[in-house]
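No lab work stands behind these numbers, since they all come straight from the coordinates. Keep in mind that this is a model prediction, so the values were computed, not measured. Every residue, glycine as well, gets a Cβ built from its backbone with ideal geometry; the counts of neighbours run over all protein chains shown.
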Amino acid sequence: MSIEERTRLAIIGEELEDEIMSKATALRDLADSMVEQTGAVDEKQLRPLIDEIGELKTQYRAVLGGVVRSNAP
């Protein structure tokens with residue numbers, strides 16, 4: 001794999017990391033807000049964010065796998 005391709009994958013990986021962290025922060029904030037308001041967490045409201053984070057993590061693993069394979073001897 002060319003240096004340009006590895007660089008492109010690394011940039012995509014960093015963007016995915018940032019998006020995962022942003023969604024995780026939003027999830028935590030939403031859960032904290034629910035607990036403050038009702039004393040409990042409503043999983044139905046959290047599930048879409050949890051699923052989004054799962055999708056992003058799958059994409060991240062695929063990108064990371066491409067970078068790792070490209071560095072193999």
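Points to keep in mind about this one:
- Relative to the Cα centre, the charge distribution of the chain, modelled as +1 at Lys and Arg Cβ and -1 at Asp and Glu Cβ, gives a dipole magnitude of about 380 debye.
- Inter-probe distance in nm under a simple model that places probes 7 Å from Cα toward Cβ, at ALA40 and GLU15: 4.1 nm
- Range of Cα positions in the chain per principal axis (Å), largest first: 54, 15, 15
- Neighbour net charge for ILE53 - beta-carbon separation under 15 angstrom, K R +1, D E -1: -4
- ³J(HN,Hα), Karplus 6.51/-1.76/1.60, whole Hz, each residue of the range 47-62, x for Gly, Pro: 3, x, 5, 4, 5, 4, 4, x, 4, 5, 5, 5, 4, 4, 4, 5
- Two-site FRET efficiency, SER33 against ARG6, from Cβ-Cβ distance with R₀ of 30 Å, rounded to 0.05: 0.15
- Relative to the dominant Cα principal axis of the chain, helix 3-38 is inclined by about 10°.
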